[in-house]
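Just below is one structure, and these are the notes that go with it.
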Amino acid sequence: METERNPNEPTKPSAPGQQGGQQGDRDKEKEREKQGGGQQGGGGQGGGMNGAYQILTPTEGVDFSDYMARVLASVRRNWYAVMPESAQLGDRGRVVLEFSIRRDGSVPGDDPQRLLGSGKEPLDRAAVSAIRSWNPFDHLPPAFSGPEIRLRFIFLYNLPLDAANQQ
């Protein structure tokens, strides 16, 4: 059941990964993953961690859903821990980052790369720190034979969820 949101009330910051809780969406994500495409999370109304992520590397049919749930939980905890006060007070922005996770769970030193900044350094810095703070992640699933996976995360600060899909 969705509740209406007061358009004058700022939404809580949102970032990659909270699923909207709809089985159809999860089934579509798993099917995209099996086909070697990206996975995109999103959904949910209200506060919390929403937004989107994509697996950019072909997944070789490996199910990354459990692995990505752990990555997202780690990034979420880190991001909330470094959330700038300006975001808590309603500052808005969208940050798009790409990074790799190597087989051993490490993130290369030059990652994450900022594809789109919010124009507000504290917001950008918090998103980057959310990924760098949890290095290394868990090792990649053993069934995956590639050397690394490439991910794109979209962090939303006080923006509607559909802002994750804007170009």
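Every read-out reported here was derived from the displayed coordinates using simple, explicitly stated rules and does not represent laboratory data. Keep in mind it's a predicted model, so treat the numbers as computed, not measured.
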Give me, ordered by chain and number, the residues 5 or more places off Ala52 or on other chains with an amide H under 5 Å from its own placed amide H. Gly17, Ile154
Take every Cα-Cα pair in segment 90-167 and report what % of them are more than 15 Å apart. 57
Between Leu116 and residues 5 or more places away or on another chain, the pairs with built amide H atoms under 5 Å apart involve Val96
Using modelled backbone amide H atoms (1.01 Å from N, in-plane), which distant-in-sequence or interchain residues come within less than 5 Å of Val82's amide H? none
